[in-house]
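Participant: First, the structure itself, so that you have it in front of you.
The values are calculated or read from the model by the stated rules, or taken from the named source; none is laboratory data. Source: prediction; values computed, not measured. Cβ placement follows ideal geometry from the backbone for every residue including glycine, while neighbour counts extend to all protein chains displayed. The area values use the complete protein model at the heavy-atom level, side chains included, leaving out ligands, DNA and RNA. Shrake-Rupley method; radii C 1.70, N 1.55, O 1.52, S 1.80 Å.
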Amino acid sequence: MRPTTLIDTTQFELIIDRLTHELIENHRNFEDTVLLGLQPRGVYLAHRIEQKLGRLLPDVPLRCGDLDITFFRDDFRRREKPLQPNATAIDFIIEDQNVVLIDDVLYTGRTIRAGLDAMLSFGRPATVELLVLIDRRFSRELPIEPTYVGKSVDSLDHQRVTVNWNEVTGKDDVELHTQRTS
Amino acid sequence: MSSLSVKHLLGIEPLTREDIELIFRTADEFKEVINRPIKKVPSLRDITVANLFFENSTRTRLSFELAEKRLSADVVNFSASSSSVKKGETLIDTVNNILAMKIDMVVMRHPDPGAALFLSENVNTIIVNAGDGTHEHPTQALLDAYSIRERLDEDFTDRRVAIIGDILHSRVALSNIHCLLKLGAEVQVCGPPTLIPKHIESMGVSISYSLEETLMWADVVNMLRIQLERQGDGNVVKYFPSLREYSMKYGLTAEKLAGAGKPLVVMHPGPINRGVEVTSEVADSNQAIILDQVENGVAVRMAVLYLLASQIERN
């Protein structure tokens, strides 16, 4: 079945603009705020937001890092193949900072749970918020809710939400794939 | 996404180049982990590892134990000197008794070549060879190659690595040769003729009996320890007339190093006999990466344990 477009390129841009403005509304000059994109796909969103913030607040030093959660996952040895780790790049201290965790899709909440654990091994933040581009509602397996949401989506378990990034596939959009169940 | 082609780490010989590169990529991330404020990740929290050391070891055992603990595995230690091996129990019985206590992985050092292979064929667990007699010491070779890769920007093609000293008794030498050749490096062994095994050139390495010539040839030199304990009873040196003569001909001094006319990377698997294989001046110079090797050892062993553990079926 052909995928349905949930967010087209124009909406995509607008949503990231809105999320960026929401962040400025809450964090003003980002003095004690750091952004952490979750590897692998949250990193694209985090850096996109960082660029937009840089344009809107040219005099503000921003801190944005990449966090890999592979070693903190709870499905180690439940998968067919070992999980391949990605690079973690955090060159700042998160102790007493306001951390904004950033990921592309929030689904079961398990990735974020692992992200929280991974983040804590770098220190004790003052507050933690969660920003996601897509929130797949009603499918949570853990009590985790986002602070900033690009778009909420109602989807079934056998459907798959794919976020395409210009950096990877040459276009920005979000698709809903329905796998045929026979 | 790939996984290892082997179920146990018995040696470098059964590994493919892709396996070695996968271990290196994974070790890169673990190296970052062990430099964090909190150096521990929960990946192996439901795994129990037994370290069985039938032969003395300080750093390998410590390195494995740290690697296991930083992956949150439970660790039990066993050394032959304080066990029923002394009472005449066979190896299979000893290990099966330990496995009956629900152990998931075994890290073993044993004085007999092939002990790890033998065990892997006879007991049902994952075996990591931490040195079997004069056969192989795979994690040492992996960490040596990893340390070279770190210094030489990942590319082994046409890199020249010389292994110098007691090639005959050295499991480190054999594992290193396998590992470096698989990665595409050129390897030369150098030492007194009595300590170079016959037919070693059939592995694809060149042989030199002159340290000075080898230093001119090489980019990296790995100085092996003279294993006095393997040279007959009571430290009788049978393979060369005296330690002093060995050290004069094959000991690495600052002058000989300068004679190479280029900066060489100096490695040593430890423990160093200072003044025999290398002088203190060389061992403490910034050309030596001996302590980097030790640090990398933990990251590489974490990678090996992580990749092997991911193959254990959860029941």
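Participant: Scan around A:S152 for amide H atoms under 5 Å from its own, H built in the peptide plane at 1.01 Å from N, and keep only partners 5 or more places away or cross-chain.
Facilitator: Result for A:S152 returns A:D135.
Participant: Quick one: accessible area per residue over segment A:114-182, 1.4 Å probe, rounded to a whole number of Å²?
Facilitator: Details: 3540 Å² over 69 residues.
Per residue, segment A:114-182 has 51 Å² of solvent-accessible surface.
Participant: Provide the buried accessible surface between chains B and A in square angstrom, both chains summed, 1.4 Å probe, rounded to the nearest 100.
Facilitator: Looking at B and A, the buried total is near 2200 Å².
Participant: In percent, how large is the relative contact order of segment B:138-294, given Cα pairs closer than 8 Å and 6 or more residues apart?
Facilitator: 23 percent
Participant: If you don't mind, there's one more thing I want to ask. With contacts defined as alpha carbon pairs under 8 Å and 6 or more residues apart, what's the relative contact order of chain B in percent?
Facilitator: 20 percent
Participant: List the GluC sites (Glu not before Pro) within segment B:96-184 that DSSP assigns to loop and that have no more than 14 neighbouring Cβ atoms inside 10 Å.
Facilitator: Hits after loop and neighbour filter: B:E154.
Participant: By what distance, in whole Å, do the Cα atoms of the protein assembly as shown stretch along each of the three principal axes, largest value first?
Facilitator: 81, 56, 44
Participant: What are the extents of the Cα atoms of chain B along their three principal axes, listed from largest to smallest and rounded to whole Å?
Facilitator: In descending order, the Cα extents are 60, 45, 37 Å.
Participant: Per residue, how many Å² of accessible area does chain B show with a 1.4 Å probe?
Facilitator: The answer is 42 Å² per residue.
Participant: Then there is this: Aspartates and glutamates within cross-link reach of B:K182: Cα-Cα under 16 Å, excluding same-chain residues under 8 positions apart?
Facilitator: Of all the aspartates and glutamates, those that pass the test against B:K182 - Cα under 16 Å, at least 8 places apart if same chain - are B:E13, B:E18, B:D19, B:E21, B:E136, B:D144, B:E154, B:D155, B:D158, B:E201.
Participant: If amide hydrogens are placed 1.01 Å from N in the peptide plane, which non-local residues have theirs closer than 5 Å to the one on B:A162?
Facilitator: B:Q188, B:D219, B:V220, B:V221, B:N222
Participant: Which three numbers, in whole Å and largest first, are the semi-axes of the equivalent ellipsoid of segment A:55-147 derived from its Cα gyration tensor as √(5λ)?
Facilitator: Sorted largest first and rounded, they come to 24, 17, 13 Å.
Participant: Let me ask something else. Would you mind finding the longest exposed-site-free stretch of chain B, with exposed trypsin sites (Lys or Arg not before Pro) meaning DSSP loop and at most 10 other Cβ atoms within 10 Å?
Facilitator: It runs B:1-101.
Participant: Then there is this: Averaged across B:36-42, how many Cβ atoms of other chains sit within 10 Å of each residue's Cβ atom? Present the calculation step by step, with values, prior to reporting the outcome.
Facilitator: On the way: counts 6, 6, 4, 1, 2, 9, 9.
Per residue, the number of nearby Cβ atoms from other chains is 5 on average.
Participant: For a distance above 20 Å, tell me the whole-number percent of Cα pairs in segment B:138-294 that qualify.
Facilitator: Value for segment B:138-294: 44 percent of Cα pairs lie more than 20 Å apart.
Participant: Give the long-range amide H neighbours of A:Q39: residues separated by 5 or more places, or on another chain, with amide H under 5 Å away, using H modelled in the peptide plane at 1.01 Å from N.
Facilitator: Residues meeting the amide H criterion: A:L67, A:D68, A:I69.
Participant: Mind ranking B:F78, A:F72 by accessible surface for me, highest first, 1.4 Å probe?
Facilitator: Result of the area sort, largest leading: B:F78, A:F72.
Participant: Separate question: In segment B:1-116, how does Rg compare with the Kirkwood Rh, expressed as the Rg/Rh ratio over alpha carbon atoms?
Facilitator: 0.99
Participant: Related question: In square nanometres, what is one fourth of the surface area of the convex hull spanned by the alpha carbons of segment B:247-315?
Facilitator: On the way: hull surface 25.0 nm².
With the hull built on Cα positions only, its mean projection is 6.2 nm².
Participant: Can you give the convex hull volume per residue for the Cα atoms of segment A:93-182, as a whole number of Å³?
Facilitator: 121 Å³
Participant: Something else about it: For chain B, which whole percent of the accessible surface, found with a 1.4 angstrom probe, sits on carbon and sulfur atoms?
Facilitator: After summing per-atom areas, the C and S share lands at 50 percent.
Participant: For chain A, what is the relative contact order in percent, using Cα pairs closer than 8 Å and at least 6 residues apart in sequence? Before the final figure, lay out the partial values.
Facilitator: Values: 333 pairs, mean separation 46.7, N = 182.
Normalised by residue count, the contact order of chain A is 26 percent.
Participant: Taking GluC sites (Glu not before Pro) that fall in a DSSP loop and have at most 11 other Cβ atoms within 10 Å as cut points, what is the longest piece of chain A between them?
Facilitator: A:32-79
Participant: How much of the calculated P(r) for chain A lies past 23 Å, in percent of all Cα pairs?
Facilitator: Details: 6944 of 16471 pairs.
Roughly 42 percent, once rounded to a whole number.
Participant: Taking only DSSP H segments of four or more residues, each worth -39500 (n - 2.57), what value at 222 nm results for chain A once the sum is divided by all its residues, to the nearest 500 deg cm²/dmol? Walk me through the numbers before you get to the answer.
Facilitator: Details: 4 runs with 49 residues, N = 182.
After summing the helix terms and dividing by the residues of chain A, the value is -8500 deg cm²/dmol.
Participant: Could you give me the ³J(HN,Hα) list for segment B:102-110, computed from phi with Karplus coefficients 6.51, -1.76, 1.60 and θ = phi - 60°, whole Hz, x at Gly and Pro?
Facilitator: 3J(HN,Hα) across segment B:102-110, in whole Hz: 6, 9, 9, 9, 10, 9, 10, 10, 8.
Participant: Same structure again: Please work out how much accessible surface B:M203 shows to a 1.4 Å probe, ignoring ligands, DNA and RNA, in Å² rounded to 10.
Facilitator: 60 Å²
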